[in-house]
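Engineer: The structure is given below, and queries will be raised subsequently.
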Amino acid sequence: MHLLRRAHRKKVLEQRFPESWEAILQRDVPYMGLLTPAEQTRLREIVAILIDEKFWEGCNGLEMSDRVQVVMAAQMGVLLLHLDATDYFHNVRTILVYPAAYVQTQEHVGSDGLVHSGSANLGEAWYNGPVVLSWNDALQAAHAPGRGLNVVFHELAHAVDMMSGTTNGTPLLRSREDYGPWHDTMSAAFQALRSRYEAGARDVIRPYGLTNVAEFFAVTTECFFDAPIPFKQAHPDIYQHYARFWGQDPADRPWRSSSRPR
Ligand SMILES: [Zn+2]
């Protein structure tokens, strides 16, 4: 890491976490209550770094505020609690925040090679480009964890996936030996999920995950962090790979007592 950046980060972390930010965490981010005290401390550090280092821009009349930044950064930070390798999402420089689900006016070729146009989006991530998020949906996700729906987890999972150079549902794994078993597990799970939906069955992984392998990774990452108990029960193989990759065991968190929105 660049020396200047390291020195600057040190300075940022030496500052006291603002009380007004803490109040936002306590009020708007009940996921905090699921974390250990050490993880909460780490999350505050990540929040401070992300707010300092990313360029935050409000779009379509959204006024950027501490609340928007803290709520977004805290959810982004959950992914990084035990994953230092992304260096605070080094490939994401800009966070664009819209007031609500926005409608794309421009056609573009998505990271998955598919062309999207004119469809309502909750958020999107472009290769080395901005992460685009809806404030309304991010706040709802923050207020109601446990549903396996979180647009912030989803978009930042894409960003993590993209760091490997190709957006193919496989991020940079911790060890070379992980790739074979990972591919076997994910291919089998993808096929099995498709068969389940074709047979009219339901699954904790919502059908959007079948769009392509990149969406499969993003949607299952939402499940892993936001509905880990049913996800682990239904897909123990995927869960095990994700627990190793993200360095976390979210199913072990005290969901029942503290995950209720306040
Ligand atoms: Zn997606």
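Engineer: Name the residue from Gln233, Leu43, Val219 whose Cα lies farthest towards the positive end of the charge dipole of the chain, charges +1 on Cβ of Lys and Arg and -1 on Cβ of Asp and Glu.
Structural biologist: Of the candidates, Leu43 comes out farthest on the positive side.
Engineer: As I understand it, the dipole of the chain uses +1 on the Cβ of Lys and Arg and -1 on the Cβ of Asp and Glu, about the Cα centre. Which of Gln140, Trp182, Thr167 lies farthest toward its positive end?
Structural biologist: Gln140
Engineer: Further, regarding this structure: Give the angle, between 0 and 90 degrees and rounded to the nearest 10, that separates the Cα long axis of helix 19-28 from the longest principal axis of the Cα atoms of the chain.
Structural biologist: 30
Engineer: For His8, project a label point 7 Å along Cα to C-beta. Then give me every residue of segment 55-70 with its amide nitrogen under 14 Å of that point.
Structural biologist: Residues 55-56 qualify, since their backbone N sits under 14 Å from the label point.
Engineer: I would also like to ask the following. Which whole-number value in Å² is the accessible area per residue of the chain, probe 1.4 Å? Please report the intermediate quantities before stating the final value.
Structural biologist: Values: 12660 Å² over 262 residues.
Dividing the accessible area of the chain by its residue count gives 48 Å².
Engineer: Taking the Cα centre of the chain as origin and charging only Cβ (+1 Lys, Arg; -1 Asp, Glu), how large is the dipole, in debye to the nearest 20?
Structural biologist: Working: 25 positive and 30 negative charges, 118 e Å.
Dipole about the Cα centre, nearest 20: 560 debye.
Engineer: Computed on alpha carbon atoms, what radius of gyration and Dmax characterise the chain, expressed in Å?
Structural biologist: Answer for the chain, Rg first and Dmax second: 17.8, 56 Å.
Engineer: Size of the dipole of segment 203-262 about the Cα centre, Lys and Arg at +1 and Asp and Glu at -1 on the beta carbon, nothing else charged, in debye to 20? All intermediate terms of the calculation are to be shown ahead of the outcome.
Structural biologist: Details: 7 positive and 7 negative charges, 66 e Å.
About 320 debye.
Engineer: Next question, about the same structure. Ignoring ligands, DNA and RNA, what percent of the accessible area of segment 7-258 is carbon or sulfur (1.4 Å)? Each step should come with its number before you reach the end.
Structural biologist: Values: 5960 of 11520 Å².
Carbon and sulfur: 52 percent of the exposed surface of segment 7-258.
Engineer: To the nearest 10 degrees, how steeply does helix 37-53 sit against the main Cα axis of the chain, on a 0 to 90 scale?
Structural biologist: That works out to roughly 80 degrees.
Engineer: Hey, another quick one. Rounded to the nearest 500, what is the chain's calculated 222 nm mean residue ellipticity when only DSSP H runs of at least 4 contribute -39500 (n - 2.57) each, over all residues? Can you show the working numbers first?
Structural biologist: On the way: 11 runs with 131 residues, N = 262.
Helix contribution divided over all residues of the chain: -15500 deg cm²/dmol.
Engineer: Given a Förster radius of 30 Å and the C-beta distance between Ser164 and Glu63 as r, what FRET efficiency does 1/(1 + (r/R0)^6) yield to the nearest 0.05? Write down the numbers at each step before the final one.
Structural biologist: Numbers: r = 35 Å, r/R0 = 1.18.
Efficiency, rounded to the nearest 0.05: 0.25.
Engineer: Determine the gain in length on full extension of the stretch Gln26-Tyr208; use 0.36 nm per residue of separation and subtract their C-alpha separation, reporting nm with one decimal.
Structural biologist: Taking 0.36 nm per residue and subtracting the Cα distance, the gain is 62.4 nm.
Engineer: Given a Förster radius of 22 Å and the C-beta distance between Asp252 and Phe17 as r, what FRET efficiency does 1/(1 + (r/R0)^6) yield to the nearest 0.05?
Structural biologist: Numbers: r = 26 Å, r/R0 = 1.17.
Given R0 = 22 Å and the Cβ-Cβ separation, E is 0.30.
Engineer: For a protection proxy built on the mean count of beta-carbon atoms within 10 angstrom, sort 7-14, 40-47, 224-231 highest first, please. Working shown, then result.
Structural biologist: Values: 7-14: 11.9, 40-47: 18.1, 224-231: 22.0.
Top to bottom by mean Cβ count within 10 Å: 224-231, 40-47, 7-14.
Engineer: What order, most packed first, do the peptides 194-207, 81-94, 160-173 have when packing is the mean number of other Cβ atoms within 10 Å of each residue?
Structural biologist: Working: 194-207: 13.1, 81-94: 15.9, 160-173: 18.4.
Descending packing order for the listed peptides: 160-173, 81-94, 194-207.
Engineer: Between 0 and 90 degrees, rounded to the nearest ten: what's the tilt of helix 3-14 against the longest Cα principal axis of the chain?
Structural biologist: 70
The values are calculated or read from the model by the stated rules, or taken from the named source; none is laboratory data. Here the structure is a predicted model, which is why all the values come from computation and not from measurement. Cβ coordinates were reconstructed from backbone atoms using ideal geometry, including for glycine residues, and neighbour counts include every protein chain displayed. What goes into the accessible areas is simple: the full protein's heavy atoms, side chains included, and nothing from ligands, DNA or RNA. Shrake-Rupley method; radii C 1.70, N 1.55, O 1.52, S 1.80 Å.
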